[in-house]
Amino acid sequence: MTEPTRREQLDQEPTHHEEHIVSPKVYGLIFGALLIFTALTVGASYLELGIFNPIVAIAIAVTKAVLVILFFMHIKYSSRLTKLTVAAGFFTFLVLITMTMTDYISRAWGLW
Amino acid sequence: MSTATIVKLPPQETASLPKRSYLNSEYGLKSWLLTGDHKRIAILYLISITFFFFIGGAMAGLIRLELLTPQSDLMATDTYNKVFTMHGIIMVFLFLVPSVPATIGNFVIPIMVGAKDLAFPKVNLLSWYLYIVAGIFTISALVLGGVDTGWTFTTPLSTHYLNTHVITAGLGIFIAGFSSIFTGLNFIVTIHRMRAPGMTWFRLPLFCWSNYAASILMVLGTPVLAITLVLVILERAIGIGVFDPAKGGDPLLFQHLFWFYSHPAVYIMILPGMGVISEVISTFSRKRVFGYTAVAFSSVAIAVFGFFVWAHHMFIMGVSNYSALVFSLLTMLVAVPSAIKIFNWAATLYKGSITFETPMLYAFGFMGLFTIGGLTGVFLGSLGMDIHLTETYFIVAHFHFVMVGGMLMAFLSGIHFWWPKMTGRMYPEALSKLAALTTFIGFNLTFFPQFIVGYLGMPRRYAAYPPEFQVLNVLSTAGATVLGIGYLLPMLYLTWSLKYGKIAGSNPWQATGLEWQIQSPPLTENFIETPLVDHEAYDYEWLAHQTEHEVQTVG
Amino acid sequence: MDSHVIATQPVHDAHEAHAHAPYLRHHFETVEQQREASSFGMWLFLLTEIMFFGGLFTAYLIYRNWYYPAFVVGSHQLSIVLGTINTAVLICSSFTMAMGVYSAEMKRRKALVGWLLATIILGGVFLGIKADEYHEKWEKHHVPGLNFSVQDFTHPTDAEPALPLDMAQKTQVYFSLYFAMTGMHALHMVIGISILLVLVVKAWGGAYTAGHMTTIENFGLYWHFVDIVWIFLFPLLYLISRHQ
């Protein structure tokens, strides 16, 4: 039975990823998209969309954030572990919000 | 010797400490204060948390002395408030949270995974300095006149109604939080990235698993406490209106944010202790931990569930009934992974060759006391019982069973277990057994009466109480005295053993972890050559085989 | 089974091309291991930052639902022009930072220094505009705790609807959150710029263009994260029901 060398084991780790250089063209495209989305979100806030106003604003912000994370922060080219780390952060944030909201949503319902 | 023992020391006449080790590689204060060596940082941490433990312990002594009589006669009531607040702050943030991870964890985790150091040695040192700064802030709050919010900083009491040093203490905790974040971050990266060849995840000792789980909680939970304290400080200093009901804020939001950290913090404190117990139970029953995978994953499960249950600290504070129901149900879930651990440890003992060395005695103490503490937690997690029991001495007894009976026992168990590795010398066996026994008796005498007195209705955080509770309180104070002796003893004999203890040799317990296969005290670089791991954790047959082989080659 | 107590492997393994790179710290086996460990460590740190700001966002979510009218008028007190300019400035600075990372990867020392300087200037512009906005809030008595008056909301001088006194008081919650959130963000910017100043000096000396650029990469991650926080703060604070 042969044991893996340290190097082989490191290669199998989920932290492992090949270095990937993102080209300036991609950066430029993302940069343009971010500016366009900024204009869009300002414009959308002046439209009467009712309940959809905050939804559109959040959707655009999330899109922008995802673009930054994927390309400027190289997550698209990163290891599975790094992707999981980012996901864990947002998951825990959602836990904080949803579990807190269970209280705030139902507080006015009174006693059973 | 009449009792069975597995201790195997080198012949004392010829034995000597290794010529070169992390302790004598460099000399001078500077070589310690600027060190990047995880073992030296662990020692720095050990010294500092012991210092704060005894300050916090002195506070506890004052509390018990005041409660000897029903009247508030030893100190003024507001002084009493300050004393129990400082006791809580120091014990929680400056002792329990860093206790096992920052001392034992720092020392053994890199060795257990087969690395030369933690991934970020400088960050590790920074973590210790932050801890010291936090300690200075906390001590200044104490010296300048104290703080009397309770360790929970309840708003609007802390933001509007007190004229004590809330900001100083708050900053101290804020900084201590970052110290703990950096420790956790370092552990996670080290366990992911620094393992030796062949050291797969399921060959890791369970101590690594439980510290890994605790580290996740440190990294994800602590920042929420940090921002909450920032808001409290801003509200107190300049009067912004996030928690202030007069301006439209909700004091309950503070509780949500505070307990979002402080409930997982309980698991930050207990999980590393559980890791120690896994190591000790296995070593002294000569068996692989029963259900290794289940125990490993139960650590992670406790960490994950830990984020879903915080509002059970708030049942009587006016949270919605429906939400309380959800949190109560989820709270019951945490009992499952905790029980998995307890049952698996019990099953490990079954048909094992058990010996009763000091670490094992502490571990037995842990198992019994933690089980009682955990089960009373289930009482408190159920909605109806909680209304009767919360804010009484019942809850005080409950968390002291978990934190002192559980965590402190585990810490002492671990300190005794790894002491030969850290210093190269054995502690005195008979005296340490006496200390373990004293601690156990003192602990029960101190805290068991508090269950009863709490159930009868004595509220916590008051300097005076009705005279009919005096008998139980006197028992408790007497117990605290015994407990205090139980803690002073190790302090004394461990110091003594630094010079006069027997030479331990590399593996006095015949344990299987990688840390036991190198010299004690270890070299600065831990391993001369990178180890190659080809066996599971707790493989005693492998160890026996090794020992035989060693004898053959030497002889 | 191998029977050595701790079996060892040859120290010089076949592909140890970078083994003696000067920036490889002693406890790491390979350069990749070091690079991936520090990148992972940085991401874990950003995880804590998510939760740090997460607490503020949670508070925002709850109070916005409770005191929506107060949040609307509060939001209308902010200058949308300055807010939009600042968003654009910060996105530009993220772009220059990304280009800085690219220059380091390409080992172009002067380009790296240039892009970093551009990032510093853009960060400074952002903070300048922010300071101007804070100053305006102070003059209008919109700083809760220190200098606050509900006058503008109970008796508005512009087209805004007047709020009943009770709800007008709640604008303090909005402004508290505004200052807490943008203040924490600005603090991160100040820290970022301070680190950048050090990095520029080191980059000029060629520290990051000789093959080892983890520091620049990790700082880039931090800077982009601060940008992302603003990407959320902008619509949440500036753009509440602008159509009303």
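Quick notes on this structure:
- The set of residues from region B:352-373 being open to solvent by 30 Å² or more (accessible area, probe 1.4 Å) and without any contact (Cβ under 8 Å) to a residue 40 or more places away in the chain comprises B:Phe364, B:Gly368, B:Thr371, B:Ile372.
- Of the candidates B:Leu488, B:Leu514, B:Leu472, the single residue that is buried (at least 19 other Cβ atoms within 10 Å of the Cβ), without any contact (Cβ under 8 Å) to a residue 60 or more places away in the chain and among the aliphatic types (A, V, I, L, M) is B:Leu472.
- Hits in region C:181-198 - residues which are open to solvent by 30 Å² or more (accessible area, probe 1.4 Å) and under 11 Å from C:Gly123 (Cβ atoms): C:Val190, C:Ile191, C:Ser194, C:Ile195, C:Leu197
- Residue in region C:122-155 that is nearest to C:Ala70 (Cα to Cα), counting only those that are among the charged types (D, E, K, R) and in a helix (DSSP H, G or I): C:Asp152
- B:Val123 within 14 Å of B:Thr183 (Cβ to Cβ), open to solvent by 10 Å² or more (accessible area, probe 1.4 Å) and out of contact with any Pro (no Cβ under 9 Å at 6 or more places or on another chain): yes
- Any hit, region C:17-29, residues being assigned to a helix (DSSP H, G or I) and open to solvent by 10 Å² or more (accessible area, probe 1.4 Å): no
- The residue of region B:374-424 that is surrounded by the fewest Cβ atoms within 10 Å (Cβ to Cβ), among those that are among the hydroxyl-bearing types (Ser, Thr, Tyr) and farther than 25 Å from B:Asn344 by Cβ, is B:Ser382.
Conditions tested, residue by residue: (1) part of a loop (DSSP other than H, G, I, E, B); (2) of a type in the set (Lys, Arg); (3) at pLDDT 95 or above.
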| site | (1), (2), (3) |
| --- | --- |
| C:Asp166 | no, no, no |
| C:Thr182 | no, no, yes |
| C:Leu187 | no, no, yes |
| C:Ser194 | no, no, yes |
| C:Tyr208 | yes, no, no |
| C:Phe219 | no, no, yes |
| C:Asp227 | no, no, yes |
| C:Leu237 | no, no, yes |
| C:His243 | yes, no, no |
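- Criterion applied to C:Leu44, C:Leu56 was being over 30 Å from A:Ser106 (Cβ atoms), open to solvent by less than 20 Å² (accessible area, probe 1.4 Å), out of contact with any Phe, Trp or Tyr (no Cβ under 9 Å at 6 or more places or on another chain) and within 7 Å of chain B (Cβ to nearest Cβ), and the one residue passing it is C:Leu44.
- Apart from one condition, C:Trp66 fits all of (1) modelled with pLDDT under 95; (2) away from chain B (no Cβ under 14 Å); (3) open to solvent by 20 Å² or more (accessible area, probe 1.4 Å); the exception is (2).
- Residue check, C:Gln172 within 11 Å of another protein chain (Cβ to nearest Cβ), open to solvent by 10 Å² or more (accessible area, probe 1.4 Å) and assigned to a loop (DSSP other than H, G, I, E, B): no
- Of all positions in region B:86-93, none carries a residue that is more than 26 Å from B:Phe137 (Cα to Cα), out of contact with any strand residue (DSSP E or B) (no Cβ under 8 Å at 6 or more places or on another chain), touching a residue at least 12 places away in the same chain (Cβ under 8 Å) and surrounded by fewer than 20 Cβ atoms within 10 Å (Cβ to Cβ).
- Residue under evaluation B:Gly150, criteria (1) touching a Lys or Arg at 6+ places or on another chain (Cβ under 8 Å); (2) surrounded by 18 or more Cβ atoms within 10 Å (Cβ to Cβ), criterion not met: (2)
- Counted residues, region B:153-183 - those being part of a loop (DSSP other than H, G, I, E, B) and either of a type in the set (A, V, I, L, M, F, W, C) or open to solvent by 30 Å² or more (accessible area, probe 1.4 Å) (or both): 6
- Residue match in region B:462-473 (condition: more than 25 Å from B:Glu357 (Cβ to Cβ), touching an Asp or Glu at 6+ places or on another chain (Cβ under 8 Å) and part of a loop (DSSP other than H, G, I, E, B)): yes
- Of residues in region A:56-111 being surrounded by fewer than 19 Cβ atoms within 10 Å (Cβ to Cβ) and of a type in the set (Phe, Trp, Tyr), the one farthest from the other protein chains (Cβ to nearest Cβ): A:Tyr77
- Subset of region B:326-382 [part of a loop (DSSP other than H, G, I, E, B) and touching a Phe, Trp or Tyr at 6+ places or on another chain (Cβ under 7 Å)]: B:Ile354, B:Thr355, B:Glu357
- Of all the listed residues (C:Ala88, C:Ala104), the sole one being open to solvent by 10 Å² or more (accessible area, probe 1.4 Å), over 23 Å from B:Glu235 (Cβ atoms), within 13 Å of another protein chain (Cβ to nearest Cβ) and assigned to a helix (DSSP H, G or I) is C:Ala88.
The values are calculated or read from the model by the stated rules, or taken from the named source; none is laboratory data. Values in this document were obtained by computation on a predicted structure and should not be read as measured data. Please note: Cβ atoms are built from the backbone with ideal geometry, for glycine as well, and neighbour counts cover all protein chains shown. Surface areas here come from the heavy atoms of the whole protein model, side chains and all, with no ligands, DNA or RNA. Shrake-Rupley method; radii C 1.70, N 1.55, O 1.52, S 1.80 Å.
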